[in-house]
Structures are given as structure tokens and as C-alpha cells.
Amino acid sequence: MKYLHLLNFSLIILFSACNSNKELKEMYLDKNLPVDKRVELLLNTMTLDEKIGQMCQYVGEPSKSEVKNVDEEVQYELDLGETAELIKQSKIGSFLKVPTYKEANYLQKMAEESRLKIPLLIATDAIHGHGMYQEPITIYPTEIGMAASFDTDLANKVAKYTAAEMRATGYHWTFSPNIEIARDGRWGRFGETFGEDPLLVSEMGKAMIEGYQGDNFGDSVNVIACAKHFVGGGISSNGLNGAAADISERTLHEIFFPPFIEAIKSNVYTIMPAHNEINGIPCHAHHTYLSKLMRDTWDFKGFYVSDWMDIERLETVHKVAASQKEAAKLAVLAGLDVHMQGPGFFDHVKELVNEGAIPEKVINESVRKILYAKFQLGLFENRYVNATKIKNTLMKKEHLDLALEVAQKSMVLLKNEANILPLSKQLNSIFITGPNANSQALLGDWSRNQPDENITTVIEGIRTKMSATTKIDFMECESYHSYSDNFMEEAKKRAKSSDVTIVAVGENSIRFDKDKTSAENLDRPILELAGQQLELVKALVSSGKPVIVVLINGGPIASPWLVENVAGIIEAWEPGMYGGQAIADVIFGDYNPGGKLPITIPRSVGHIQNFYNQKPSAFHRGCFFQSSSEALFEFGFGLSYTQFKYSNLKVKNSFTSDDIVTINLTIENNGELGGDEVVLIYINDIVSSVTTPVKKLVSFDRLHLEPKEKKEFTFDISSNSFKMFNQAMDYVIEPGEFEIIIGNNIIVSTILYE
Ligand code: BGC
């Protein structure tokens, strides 16, 4: 009896020990504890499997199972097959390609059934709006258009509103912004970038990161951003996506690295390496860059996610690993934290840890950062979407207004012969055609097609402007590739019988369109208009009537014939859901275009590479056979319906490294219309110990002036902007004179560094 009593007593002790142990284990669920503490508590209770699971990302778009006619939720679980079981075993930490909020909720529910209930991160490519979502959504202009606006506040708002739409639908992590420098127009992903200039790309990237993440993504309307792709994909061999990039260390430091350094300073929480190798080392296995440079030198505190199957490609493409297991080892030891996507990686990493080839502390480091994100996002407290709130967030009026405003501000007027634009709304007749006149190509890549009623195409935008008496003649043109003789004749005839023709041509990169001309993995062997589009424009011009060309495109269209022969050209980029309205606003003068080129447009594909910040020797001897080496349009070019006059440039004569260099100048709107002016300030290091670019952008702003308004503006340039990498690769300001250049060589002054 006595013994029985004792046994009971020890059972009670054991039970309460278990209980308090359990309580201790679950303390990570206490939202009042600091996030770092919760991370450590949780990490300490996790098995190796559960830890590696956090590093695994899967696709949430399941293939269909045989079983049908069951409850929606059960159906989804069945369709997911083995993946559903893996979630319940905590062997998956995040998802991408999740179709809608419902699937996001189902996935989270399965995760909640796992031992530690760790929520999932749901990721998507919300690049210019939440465009991969399977239901109607706000689509903004693509990055190249945002860059043309030179308005960082707009980019910040686009990111902020996109984050709100993502969170409302259960997504927490966007693979955006793309902050690669684009130097080769053949690359099909050009439209995803902010163009060729390191400062512009850095500033736009920062603005978006801050918009997405807010204050350290601690708010329920913020998401984690992902700066991608590190590094050099914008100047890969032959302009092909994922091909090798061979870039000198100097050029990497001067041109390609700065946007990533700035992104890290803005606390970007994730970074995605590029598909390509850089100077012989695949980015996904680049220990020196991922771990030493970015973590130790630049102080990157977040985590890396691999790009789609690029760890596998260390074996299958780059041939730096003899097996998939070795590929996983190289990637994890280089610093990679999350694998995109699917099976294989988990088993390899587990084996490698068990064999001692990957220390468990490396895994702990990765998991710590991933868990931090989940706690910080508040997912342990609130992982589900409240469906009733979705309607009030998606496509809100302010989001739609912003989509139009960004589109308007992104328009660049490239040609306006004899001030043909803006057109009168009282024309007798107008003819509209071209493959992009009634197309959703406006939306650009990383967007699904949207319901027609949510989009304003070019023809729809124009229709809203014309007076009741104008004859609007629209000729549908469905192809980019070829037109019959009859079609050409008909087009010419109809152009001839109209006062003016508007032809919308260019590219099509919308994600799931069968008739794409450029996009991810669809690069451009020519920079001319694809297919027979130029022939179509020639036929229209041969009518003798004025022709206005509207270009819809992500990458540069290099067409000297167009520039010489048509009356007007509007570069509209991929202007998003209200692109057609913004274009019509510009055509008819309801909006005065003020965008400028964020890239240099070369004369042809053979003129690549052509960018404004070239070295002094770029064109000093070489001369193209029967062609000028000058750009067709320089970076920073863009016309307006008004004229701006610059005067009174004031800069002090000299500066020291402690100084801010203040530039004062007066700008006057000399015309009859209010308008925006993008002010670009460059420097040129006149004599330097190593070659420096002919000019380098150091500041920019977009200003508005009413007709006849005259204002003095001030630009503060940090002395850091005058730094360069000397022969020893030290980042220094060398004594001597610098030119200050405003805009397109408008005013030049010099300043001395002492
Ligand atoms: C692209 C990434 C993208 C990923 C996920 C890859 O093919 O290179 O930019 O984030 O797919 O969709």
C-alpha cells in the first residue's frame, strides 16, 4: 500500500513535470514575449525534420486527383496528394503559386494540425500588383514604366497597396522588387526592371521595399519583400535569360551591386540569387558573395530563397555538382536558406546533416530567420484570411486611382513633329489599329489576363475622348507576326480616309498568353518591332496622313525608321489596367506627359551595348558601317507639351568629404500648359586615376509647374556621390574637378574637391 502511494506520488510529479515542460514548450505561442525569445523557444523544441521542413517550399497549385464530388476542402487536400501529408508532418515551411485565399486557408489549416502548429509563409510574384492571384485584381504598370515616372513615392504606394491586397488574400511574401540593372535589351525580362541606372534602380527598389515591408513587416497590411536576382542577369551572354554573366569586379561594384547594398540598408528581408553564373560561379553556390560579401560586409540579416529549381541546376546545367545531393550541399553551405521548390531537397539535407557534411548550426541559422518572419508577421496569432474583409481591400478606389496615376506618369513622349499632339477631340475622323490597340498586353508579365470590363484598352480609352461627331474607325488586328496583302491595303485605305491614324504596336509579355513576343524565357533576337508590325506602320504612313505610334513594350524598341517617318511616338511601356485611358489622356492633352527614359534606346540590336554611363573611350574610334553610334534616344529623354527653362545654377566652388553639395537652380514653365519636369543631376569626374563614366546620375526629382510658374529648387548631393573605386578598389573621392551636369547637358558647372 505504501509503495502504491509512493508510485502515485511520483506519477503526479512526473505528470506535472510533463505539464510544465509542455507549457514551457508552448511558451513560444505567447504573443506577449519578444519575437527573438519566441524564436529561440520554438527552435529548441524542434526536431531536425521540423527544422529542415522550414527550408522547403512547395507549389500550392495541385494536380487533380481521381476522387471527385467531395467537400471543397477535402478535394483540395486530396488533390495535393503527398504534399498534404508533408505539411501535417511539418516538412514544408512555405508555398508559392497558391491560387486563391481559400487554398491559402486550407494549407494553413493543415499546418495547424502539425505538432508545433507552425504557420506557412505563402509567397507570390506580386511584381506590379498581386497579378498572379486567380481572381480580378489591381494591375499597375510594370517596373520599367514606374522607373520612367522617376517618382519614388508612386513606387512606394504601389508596393504598399499591393501588400494590402496580398495580406487580405492570405499571402505574406512577394518576390519583388527586381533590382537588376538592365543593360541588354534582348533580355525578355527587361520590363520587370527599373532600367539601366544604379541610382534610379536603387531608389525605386528602396521605395518598393519600404512600401511592402512597412515598419519591419510588423503590421497586418505588410509583407516581406525579396530583392532579386543577385546578380548580373541583366547582361547575360546573348541577352538570354539564365545564361552566364561575365562582369568585371569593378563593374559589379560600380553598377550592379549598389541596388542590393541599398536594399539591404532598407532592411529587405529576403534576397533571391540569379539563375546565372557570375564569372564562373553559379550565383546559387556563391559562398563569397552570399555569405561573405552580403552577410558579413553588407550586413544582410534576412534569408535567401533559391530561384525556381536553381539548386537542382547546379548539377543539371552548371555542372558544378555531381549529384543533386551535392548540389543541395553546395547551396546550403554557400548560404541558401529556402529551397524553391518541391521534393528532394529535404532528404538530401537531412542526410548531409546526419553525415556531418552540413553542421546543424547552419540549419539552425536558416530556421531562426524564417521563424522570425512568421512571428513578426503575426502568423502564429492569425494565419487565416477573413473572407468578409477581402472585398473591401481588393481593387479599392485608391488602388485603382493609383493604377491610373502611375500609368499617366510613366508615359514618355518620344516624338511630336510640328506639335501634332495633343490631338483635338473634335477631329472629323480617326483610324485606330495595331495588335496592341485592343489587347491586354498592357498588363505585362507576372499578370494573368483580367476580366475585359476591368481593363481600359487603347481603343476603349480613345473612344471615351472623342466628340459625338467624330468618326472612329477601328480595325481589329490580332497578330504581331504577319498580315495579308488585303489587310495591308485595307489598313492603308482606311488611314487615307481618316484625319489621323493611331497605331498601337510593340510587344506582348502577358504571362499565360500563347502569342507572347517577349517575357521570362522569351528573349528577343531583334529590337525592331516583332513580326510584320513595322510593315504595317509603313503601309499606314504611305497613306500620306499623319500617323501616331503608341508603343506597348517592356524592353526597348529600336526602330530608326519609325523615328524618322511617323509624326508622333508615345512610349507607353506596359501601363497596366488603365493603360488605355492614360494613353488617351496623353493623346488628347488631358494629361501632359512628363516621363523620361530610364534606359538608353539603341539604334538596333547590333548597337548593344549602349547605355548613358559609358566609359570615355566607348565611341572615340569605332564607327558603325552605314550607321551612327549615337543612341536612338538617350537615357533621360522625354518631351512635354510645355517647355521648361533652366537658369541660375548655383553650386559652391569647392567641397570636402564632410560636405553636402547643394545645387540651386531655377526652373520656369514657359508654356501654356501645366506639366511635370524630371530634373536629372549628373556628375563627371574630369580626371581620375582609373576611367570613370562620362556622366553619372547623382540625384533626380519630379516637379510640377503651372503655366508661367517659376521656382527655385534645391538638390543636396552627398559627398559620397563623388566617390569612385581607385586602382586598389578603395572607394574614395579623388582630389580634382568635377562637372555638374543638369539634364541633357543643359547647364554645366564645375566644383573642386579639396
Ligand atoms: C523567376 C523568379 C520568380 C520565380 C517564382 C522564376 O522563374 O526567375 O523571378 O520569382 O520563378 O515564380
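Brief remarks follow.
- Scanning region 544-566 for residues that are open to solvent by less than 10 Å² (accessible area, probe 1.4 Å) and closer than 16 Å to THR433 by Cβ turns up VAL547, ILE548, VAL549, VAL550, LEU551, ILE552, LEU562, VAL566.
- Residue satisfying all of: in region 426-441; out of contact with any strand residue (DSSP E or B) (no Cβ under 6 Å at 6 or more places or on another chain) and crowded, with 17+ Cβ neighbours inside 10 Å; farthest from GLU135 (Cα to Cα) among these: LEU427
- When we screen LYS117, LYS160 for residues that are of a type outside the set (Phe, Trp, Tyr), touching a residue at least 24 places away in the same chain (Cβ under 8 Å) and in a helix (DSSP H, G or I), the only hit is LYS160.
- Taking every residue in region 641-653 that is under 18 Å from LEU413 (Cβ atoms) and touching a residue at least 60 places away in the same chain (Cβ under 8 Å) and pairing it with any residue that is in a strand (DSSP E or B) and among the hydrophobic types (A, V, I, L, M, F, W, C), at least 6 positions away or on another chain, the pairs with Cβ-Cβ distances below 6 Å are PHE644/ILE667.
- Among the criteria (1) part of a loop (DSSP other than H, G, I, E, B); (2) without any contact (Cβ under 8 Å) to a residue 60 or more places away in the chain; (3) not hydrophobic (A, V, I, L, M, F, W, C), the one SER657 does not fulfil is (2).
- Of the residues VAL268, VAL320, the single one that is in contact (Cβ under 8 Å) with a residue 24 or more places away in the chain and within 16 Å of the ligand (Cβ to nearest atom) is VAL268.
Conditions (1) open to solvent by 70 Å² or more (accessible area, probe 1.4 Å); (2) within 16 Å of the ligand (Cβ to nearest atom), marked per residue:
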position: SER479; (1), (2): no, no
position: TYR483; (1), (2): no, no
position: ASN486; (1), (2): yes, no
position: LYS493; (1), (2): yes, no
position: GLU520; (1), (2): no, yes
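- Residue within region 310-329 that is in contact with a His (Cβ under 9 Å, 6 or more places away or on another chain) and β-branched (Val, Ile, Thr) present: yes
- Cβ separations smaller than 9 Å between residues 6+ apart or across chains give the following pairs from region 333-361 residues that are open to solvent by 60 Å² or more (accessible area, probe 1.4 Å) to residues that are within 16 Å of the ligand (Cβ to nearest atom) and not in a loop (DSSP other than H, G, I, E, B): PRO343/CYS56; PRO343/TYR58.
- When residues of region 89-101 are limited to those that are touching a residue at least 40 places away in the same chain (Cβ under 8 Å) and either open to solvent by 10 Å² or more (accessible area, probe 1.4 Å) or in contact with a Gly (Cβ under 9 Å, 6 or more places away or on another chain) (or both), the one nearest to the ligand (Cβ to nearest atom): LEU96
- Among residues of region 210-232 that are more than 16 Å from the ligand (Cβ to nearest atom), those with a beta-carbon under 9 Å from a residue that is in a strand (DSSP E or B) at least six positions away or on a different chain give the pairs GLN213/ILE224; PHE217/ILE224.
- Output for region 183-193, where each listed residue is more than 15 Å from the ligand (Cβ to nearest atom) and open to solvent by less than 10 Å² (accessible area, probe 1.4 Å): ASP184, GLY185
- THR456 vs. criteria farther than 23 Å from VAL541 by Cα, at pLDDT 95 or above and open to solvent by 30 Å² or more (accessible area, probe 1.4 Å): no
- The residue that is least open to solvent (accessible area, probe 1.4 Å), counting only those in region 233-259 that are within 16 Å of the ligand (Cβ to nearest atom) and of a type in the set (S, T, N, Q), is SER236.
- Criterion applied to LEU80, LEU107, LEU86, LEU116 was being modelled with pLDDT under 95, of a type outside the set (D, E, K, R) and more than 16 Å from the ligand (Cβ to nearest atom), and the one residue passing it is LEU80.
The values are calculated or read from the model by the stated rules, or taken from the named source; none is laboratory data. Note that this is a predicted model, so its numbers are computed, not measured. Methodologically, a virtual Cβ is constructed for each residue, glycine included, from the backbone with ideal geometry; neighbour enumeration extends over all protein chains shown. Protein only, heavy atoms only, side chains kept; ligands, DNA and RNA dropped before computing areas. Shrake-Rupley method; radii C 1.70, N 1.55, O 1.52, S 1.80 Å.
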